[in-house]
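Structure record follows, encoded as structure tokens.
The values are calculated or read from the model by the stated rules, or taken from the named source; none is laboratory data. All values reported here derive from a predicted model rather than from experimental measurement. For neighbour counting, all protein chains shown are included, and Cβ atoms are generated from backbone atoms with ideal geometry for every residue, glycine included. Surface accessibility is based on the protein's heavy atoms, side chains included, excluding ligands, DNA and RNA. Shrake-Rupley method; radii C 1.70, N 1.55, O 1.52, S 1.80 Å.
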Amino acid sequence: MNEALNVKDMKLYAEADSIFADLAARGFPAGSALDVNVVSQIDQLHYHGAASVHQAIDALAITAQASVLEVGAGWGGPSRYIAATAGARVTALELQEDFSTVGEELTRRCGLAALVTHRRDDFLTVDFGDERFDHVGSWLALYHIPDRARYTAKIAELLKPGGTVFIEDLTQGTDFADADQGTLDRELFASSMVSYETYIDSLTRAGFDILSAHDMTDDWRAFTAARLDAFIDNREAFVRIHNEALFEDKKHFYSKIVEYFTADAIGGIRIAAQKR
């Protein structure tokens, strides 16, 4: 991957504070208390939103006694949903300072600061000292991180014995080799995208037993196509709340995702595993 690339090259990550305008349009002006159920409708940057996070809660049997680490938390949507739904203590780890800062404000306004801690850091270098977690979750973020073997081993290291992990991530599609790699890297910040089979193997090599694994390619292909159509249909309302430039940025990203899924350049995986 071209080291000159930056995660901010992804149009998805334009204007981290844009979520405040969405909330204001739903009746929550700046500084007001927030309803986490409303926020969770717009703060999830992955596919199927809070429904996917609820699957993680069920798959890992997350309880109020648990400690959870979310890797690549963005605004911290999954972290807040886990805390609000299961009552668990969650650490939302995010590399981008603007998203982490906005996420912390959203958590405070949702009244969840006692359960959700936001930390701005690089997963490869972050030091949690002796702290270990019962569960780790990550949604469409790990493929951004270089050195898959290193970060997979770190996930295992940060889990308590018998701890579990839930991951949704992009993978190489069946025609990945035919894609323009430079463009794909820039559009998706694809630092460590591997095949479905290699993804599973990397977890087993790191000391995990696979609890479940699903190829999400067909599901996500349909989801992203429908998302793009709905976004374009909602253009007038979006521009009224935000601006034309942000609409074009998001349309560009959503269109590229559809393009890559349609060409089978990318695929998807949902996997739950337990540390041996």
key: Filtered residue count, region 198-232, keeping only those that are of a type in the set (F, W, Y), under 18 Å from A263 (Cα atoms) and open to solvent by less than 40 Å² (accessible area, probe 1.4 Å)   = 1
query = Within region 241-252, is even one residue open to solvent by less than 30 Å² (accessible area, probe 1.4 Å) and touching a strand residue (DSSP E or B) at 6+ places or on another chain (Cβ under 6 Å)?
reply = no
request  = Kindly indicate the residue of region 160-197 that is among the hydroxyl-bearing types (S, T, Y) and touching a residue at least 24 places away in the same chain (Cβ under 8 Å) and also nearest to E131 (Cα to Cα) among those meeting that condition.
outcome  = T164
task = Go through region 27-55 and count every residue that is touching a Lys or Arg at 6+ places or on another chain (Cβ under 9 Å) and either open to solvent by less than 60 Å² (accessible area, probe 1.4 Å) or within 21 Å of F223 (Cβ to Cβ) (or both).
result = 14
inquiry  = Please go through region 65-98 and give me each residue that is open to solvent by 20 Å² or more (accessible area, probe 1.4 Å), farther than 17 Å from D17 by Cβ and out of contact with any helix residue (DSSP H, G or I) (no Cβ under 9 Å at 6 or more places or on another chain), ordered by number.
reply    = Q65, G87
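Any chance you could count how many residues in region 129-146 are more than 19 Å from A59 (Cβ to Cβ) and either of a type in the set (S, T, Y) or more than 18 Å from the chain's Cα centre (by Cα) (or both)?
Of all residues in region 129-146, those more than 19 Å from A59 (Cβ to Cβ) come to 129-132, 143-146.
If we keep only those that are either of a type in the set (S, T, Y) or more than 18 Å from the chain's Cα centre (by Cα) (or both) as well, we get 129-132, 143.
Final tally of qualifying residues: 5.
Among the listed residues L124, L115, L159, L93, identify the single one that is touching a strand residue (DSSP E or B) at 6+ places or on another chain (Cβ under 6 Å), at pLDDT 95 or above and either under 22 Å from T198 (Cα atoms) or of a type in the set (G, A, S) (or both). So that I can check it myself, show each step before the final result.
Working: L124 fails: touching a strand residue (DSSP E or B) at 6+ places or on another chain (Cβ under 6 Å); L115 fails: either under 22 Å from T198 (Cα atoms) or of a type in the set (G, A, S) (or both); L93 fails: either under 22 Å from T198 (Cα atoms) or of a type in the set (G, A, S) (or both).
Result of the check over L124, L115, L159, L93: L159.
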request  = Return only the number of the condition from (1) surrounded by fewer than 20 Cβ atoms within 10 Å (Cβ to Cβ); (2) of a type outside the set (S, T, Y); (3) in contact (Cβ under 8 Å) with a residue 60 or more places away in the chain; (4) out of contact with any helix residue (DSSP H, G or I) (no Cβ under 6 Å at 6 or more places or on another chain) that R270 does not satisfy.
outcome  = (1)
inquiry  = Out of T117, T107, T101, I need the residue that is open to solvent by 20 Å² or more (accessible area, probe 1.4 Å) and without any contact (Cβ under 8 Å) to a residue 60 or more places away in the chain. Which one?
reply    = T117
inquiry  = Please go through region 257-271 and give me each residue that is in contact with a strand residue (DSSP E or B) (Cβ under 6 Å, 6 or more places away or on another chain) and more than 17 Å from H48 (Cα to Cα), ordered by number.
reply    = Y260, I266
note = A149 vs (1) in a loop (DSSP other than H, G, I, E, B); (2) in contact with a helix residue (DSSP H, G or I) (Cβ under 8 Å, 6 or more places away or on another chain); (3) open to solvent by 70 Å² or more (accessible area, probe 1.4 Å): all pass except (1)
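Which is modelled with pLDDT under 95, under 30 Å from F28 (Cβ atoms) and either within 21 Å of the chain's Cα centre (by Cα) or not polar (S, T, N, Q) (or both), of D229, D185, D249? So that I can check it myself, show each step before the final result.
On the way: D229 fails: modelled with pLDDT under 95; D185 fails: under 30 Å from F28 (Cβ atoms).
Residue meeting the stated conditions: D249.
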